[in-house]
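What follows is a single structure, written as structure tokens, with notes after it.
Bear in mind these aren't lab numbers, they're just calculated from the coordinates by the rules spelled out. Bear in mind that the values here come from a model prediction, so they are computed numbers and not experimental data. Ideal geometry is used to build each Cβ from the backbone, glycine not excepted, and the neighbour counts take in all protein chains shown.
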Amino acid sequence: MYKEIAIIAPTASGKTNLSIELAHKLDAIILSLDSLSIYKDIDIASAKPTIKERDGITHFGIDKVYPNINFDVIEFIQEYKYAKDYAIKNNKNLIIVGGTGFYLKSMIDGLSNVVKITDKTKKIVKDKIKNLKECYDLLYNLDYNYMSSIAPTDKYRIEKALAIYIQTNMTPSDYFNKNKPKSIITNDLKIFEIETPRDILRARIEKRTKKMLEDGIIDEVIFLEKKYTREPNCMKSIGIVETLEYLDGKIDKKTLEEKISIHTNQLAKRQRTFNNSQFSNIYKDSLEILPKKILSMV
């Protein structure tokens, strides 16, 4: 009988090795719940598992699009559906694992029906979005509640909101109120979380940061900037944005390492806070004990 489980935890908690170990024991494939690993060419900054580290386990959610292609929760849900179909057809189970809890939360709670944007609307939006401030002000005045959580410089989300408004002649809030969310994950999903003491996690993050520098993150970012420019959203990710500062001569290499570690620790704190506030009935334990708990419950 087909089974799904999810493993969540802050970055550098040991999720990758745990998931691969369990995938062998549970005859499962893995869906990476990571907003950066989805991109090709971003290998070191994302800390995605290498082909060797994947140890023969089929992975979804890794190396799917290039950095200049936008990828959000809508596309991730489609990737989940691909992974689930593959698992069922091949008599496998599915392990969803990663640190982007927002994706998992969206699949559990569901999303409103996606607006189908016509080519005509896309053309209008493309022309109007050239004046980003004007578009933002228009939407802000029409739909304060929705737009108040969007920065005036967030071109991607402003463009999405504008497309909804032009296509449907409704504000985003009105549209989403009339198109209530439907859950994507319909089974009783068991969610497990790795608990790691903060001092140990801090040490793991520092170790990972050193390895990123040793593995060549500076050269990777030079390549990414040359090929894709600094415009894509993923180029503002931790590890990449600090390295760009270093390449601009704003910080030295020691400061680069320190800033990546600090920002990664801050990310880990946000991930813990999100998981604690958004998920109920999570089974938590240490990295040493959790595998046995999972195997006994699945």
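Give the relative contact order (percent, whole number) for the chain; include only Cα pairs under 8 Å separated by 6+ residues. List each step's numbers first, then the result.
On the way: 379 pairs, mean separation 81.2, N = 298.
Here the relative contact order equals 27 percent.
Among Ile88, Met235, Asn169, whose Cα lies farthest out toward the positive end of the dipole of the chain, if unit charges sit on the beta carbon of Lys, Arg (+1) and Asp, Glu (-1)?
Looking along the dipole axis, the top candidate is Asn169.
Just subtract the alpha-carbon distance of Glu214 and Tyr283 from 0.36 nm times their residue separation and send over the number in nm, one decimal.
Length gained, Glu214 through Tyr283: 21.3 nm.
Please report the net charge: other residues with Cβ closer than 13 Å to the Cβ of Arg157, K and R +1, D and E -1.
Numbers: positive: Lys155, Lys160; negative: Asp72, Asp143, Asp154, Glu159.
It works out to a net charge of -2.
Which of Tyr283, Ile62, Gly110 sits closest to the plus end of the dipole of the chain, meaning its Cα is farthest towards the positive end, when Lys and Arg get +1 and Asp and Glu get -1 on the C-beta?
Going by the Cα projections, it comes out as Gly110.
Sorted by packing (mean other beta-carbon atoms within 10 Å per residue), highest first, where do 62-71, 285-294 land? List each step's numbers first, then the result.
Numbers: 62-71: 16.8, 285-294: 15.0.
Ranking the peptides 62-71, 285-294 by packing returns 62-71, 285-294.
Need one number: % antiparallel among DSSP beta bridges in the chain, to the nearest 5.
5 percent
Taking the Cβ of Ala6 as the centre, find all other residues whose Cβ is under 10 Å away and add up their charges (Lys, Arg: +1; Asp, Glu: -1). It would help to have the intermediate numbers written out before the result.
Values: positive: Lys190; negative: Glu4, Glu193.
Charge balance near Ala6 sits at -1.
Can you list residues whose amide H is under 5 Å from Leu31's amide H, if they're 5+ apart or on another chain and H is modeled 1.01 Å from N?
Phe60, Ile95, Ile96, Val97
Do any of Lys3/Lys84; Lys89/Lys182; Lys15/Lys182; Lys40/Lys226; Lys25/Lys190 go past 21 Å between their Cα atoms, and which? Please report the intermediate quantities before stating the final value.
Details: Lys3/Lys84 10 Å; Lys89/Lys182 24 Å; Lys15/Lys182 29 Å; Lys40/Lys226 15 Å; Lys25/Lys190 17 Å.
Violating the 21 Å Cα-Cα cut-off are Lys89/Lys182; Lys15/Lys182.
If each residue's Cβ is checked for other Cβ atoms within 10 Å, how do Ile108, Ile30, Ile51 rank with the fewest at the top?
So the ranking, lowest neighbour count to highest, is Ile51, Ile108, Ile30.
Pairs of Cα atoms under 8 Å, at least six residues apart: use those to get the relative contact order of region 217-286, whole percent. Before the final figure, lay out the partial values.
Numbers: 20 pairs, mean separation 16.7, N = 70.
Over region 217-286, the number comes to 24 percent.
Around Asn113, what is the net charge, scoring Lys/Arg as +1 and Asp/Glu as -1 over all other residues with Cβ under 10 Å from its Cβ?
Details: positive: Lys116, Lys178, Lys180, Lys182; negative: none.
So the environment of Asn113 carries a net charge of +4.
What is the fewest-to-most order of His24, His263, His59 by other Cβ atoms lying within 10 Å of their Cβ?
Details: His24 11, His263 17, His59 20.
Lowest to highest Cβ neighbour count: His24, His263, His59.
So how far, in whole Å, is the C-alpha centre of region 106-146 from the one of region 243-286?
30 Å
Could you please state, rounded to a whole Å, how far the C-alpha centre of region 26-81 is from the C-alpha centre of region 179-202?
17 Å
What size of dipole, in debye to the nearest 20, comes out for the chain about its Cα centre when the only charges are +1 on Lys and Arg C-beta atoms and -1 on Asp and Glu C-beta atoms? Spell out each step's value before the answer.
Numbers: 49 positive and 41 negative charges, 106 e Å.
Charge dipole of the chain: 500 debye, to the nearest 20.
Using unit Cβ charges (K, R positive; D, E negative) and no other charged atoms, how large, in debye to the nearest 20, is the dipole of region 168-239 about its Cα centre? It would help to have the intermediate numbers written out before the result.
Numbers: 15 positive and 12 negative charges, 28 e Å.
Once rounded to the nearest 20, the dipole reads 140 debye.
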